[in-house]
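**Q** Before anything else, here's the structure in question.
The values are calculated or read from the model by the stated rules, or taken from the named source; none is laboratory data. It should be emphasised that the depicted structure is a prediction, and the values quoted were computed from it without experimental measurement. In this analysis, Cβ positions are derived from the backbone assuming ideal geometry, glycine residues included, and neighbour counts consider all displayed protein chains.
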Amino acid sequence: MSESDSLLEQIRLAREKYAEAPGTWPAKRELADAVRELMHNLAATDAPEEELLSIAEQVRESARRFAVQPVMDNPPGVAEMSLAAGMEVFRDRSPVVGMANPLAPPAELVVDLDEKTVTGDVFFGAAYQGAPGCVHGGFVAALFDEALGMATIFSGQPGMTGWIKVSYRSPTPLETPLRISARMDDFTGRKIMTSAELMAGDTLVAEATGLLITIPNEKFAQLRNAAAERKEKSKRPA
């Protein structure tokens, strides 16, 4: 099997794993979608104070119900596509593409091995507004960071962002279908150079370049251990 065929098979298996969503993840996706709808409506509403306060209490009650539920000690996969070693990743927790994360729009990013590009669609609702009728530039940058990171799979190595440069060419319209395209431009040593564009129809609204640095597997272990230590420390009485 060629390197390209091997990568294609890894991507296929990862997609199947993601689509299956084991355990309670389908229910988490459903709940996240409901919270996403709540966020959108809250950002756009002109409801009376009495209704807002009533809904606030309902949401707080739901939060209290969560507070007594078990907490995941070892969440599956990673929450960022650039860290997907071999594409074996369950990315529901991603704040950009995660279907189970209400912070995510979410964006749908797809790898095209023939064209060696990452393309995707995203729709930013009212909760992501910056300037009137426009997507906040920080969320545009986060979308680029995710897509540029995903493009590192063409290097065969996971990587972390060294820097990204975003050029905003035109206001990014809110509540409008957007299309992103990203690619790997160069891979030398540990440095992976990437670039991407974001389109609204035929209009270029933003473009980006990025440098990602490959990281060894032992670095993942260090990151996980550090996170576990912080979590354990937070449980200890002051």
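**Q** What is the number of the single condition among (1) surrounded by 14 or more Cβ atoms within 10 Å (Cβ to Cβ); (2) farther than 16 Å from Pro95 by Cα that Glu146 does not meet?
**A** Among (1) surrounded by 14 or more Cβ atoms within 10 Å (Cβ to Cβ); (2) farther than 16 Å from Pro95 by Cα, the lone unmet condition for Glu146 is (2).
**Q** Another one. Out of the residues in segment 159-198 that are without any contact (Cβ under 8 Å) to a residue 24 or more places away in the chain and buried (at least 16 other Cβ atoms within 10 Å of the Cβ), state the one that is nearest to the chain's Cα centre (by Cα).
**A** Selected residue: Glu197.
**Q** Any idea which residue in segment 88-121 is farthest from Thr152 (Cα to Cα), counting only those that are of a type in the set (A, V, I, L, M, F, W, C) and more than 11 Å from the chain's Cα centre (by Cα)?
**A** In this case the residue turns out to be Phe90.
**Q** Further question: Hey, among Pro76, Pro48, Pro105, which residue is under 30 Å from Gly149 (Cα atoms) and at pLDDT 90 or above?
**A** Going through Pro76, Pro48, Pro105 in turn, just one is under 30 Å from Gly149 (Cα atoms) and at pLDDT 90 or above: Pro105.
**Q** Does Gly120 meet the test of being of a type outside the set (Phe, Trp, Tyr) and touching a residue at least 60 places away in the same chain (Cβ under 8 Å)?
**A** Judged against the criteria, Gly120 is a match.
**Q** For segment 108-140, give me each residue that is assigned to a strand (DSSP E or B) and either among the small types (Gly, Ala, Ser) or surrounded by 13 or more Cβ atoms within 10 Å (Cβ to Cβ) (or both).
**A** Residues satisfying the conditions are Glu108, Leu109, Val111, Thr117, Val118, Thr119, Gly120, Asp121, Val122, Gln129, Cys134, Val135.
**Q** Hey, another quick one. Please go through segment 199-212 and give me each residue that is closer than 12 Å to Met160 by Cα and surrounded by 17 or more Cβ atoms within 10 Å (Cβ to Cβ), ordered by number.
**A** Across segment 199-212, the qualifying residues are Gly210, Leu212.
**Q** Conditions: (1) under 28 Å from Pro22 (Cα atoms); (2) in contact (Cβ under 8 Å) with a residue 40 or more places away in the chain; (3) in contact with a helix residue (DSSP H, G or I) (Cβ under 9 Å, 6 or more places away or on another chain); (4) buried (at least 18 other Cβ atoms within 10 Å of the Cβ). Gly156 meets all but one. Number of the miss?
**A** Here Gly156 clears every test but (4).
**Q** In segment 158-215, which residues are assigned to a strand (DSSP E or B), among the basic types (Lys, Arg) and within 30 Å of Ala126 (Cβ to Cβ)?
**A** Once the filter is applied, which keeps residues that are assigned to a strand (DSSP E or B), among the basic types (Lys, Arg) and within 30 Å of Ala126 (Cβ to Cβ), segment 158-215 yields Lys165, Arg179.
**Q** Shifting gears a bit: Anything in segment 130-166 that is farther than 17 Å from Leu103 by Cβ, β-branched (Val, Ile, Thr) and modelled with pLDDT of 95 or more? List them, or say none.
**A** Matches in segment 130-166: Ile164, Val166.
**Q** Can you work out which of the residues in segment 213-224 that are more than 15 Å from Gly149 (Cα to Cα) and in contact (Cβ under 8 Å) with a residue 12 or more places away in the chain is surrounded by the fewest Cβ atoms within 10 Å (Cβ to Cβ)?
**A** Filtering first and then ranking leaves Asn217.
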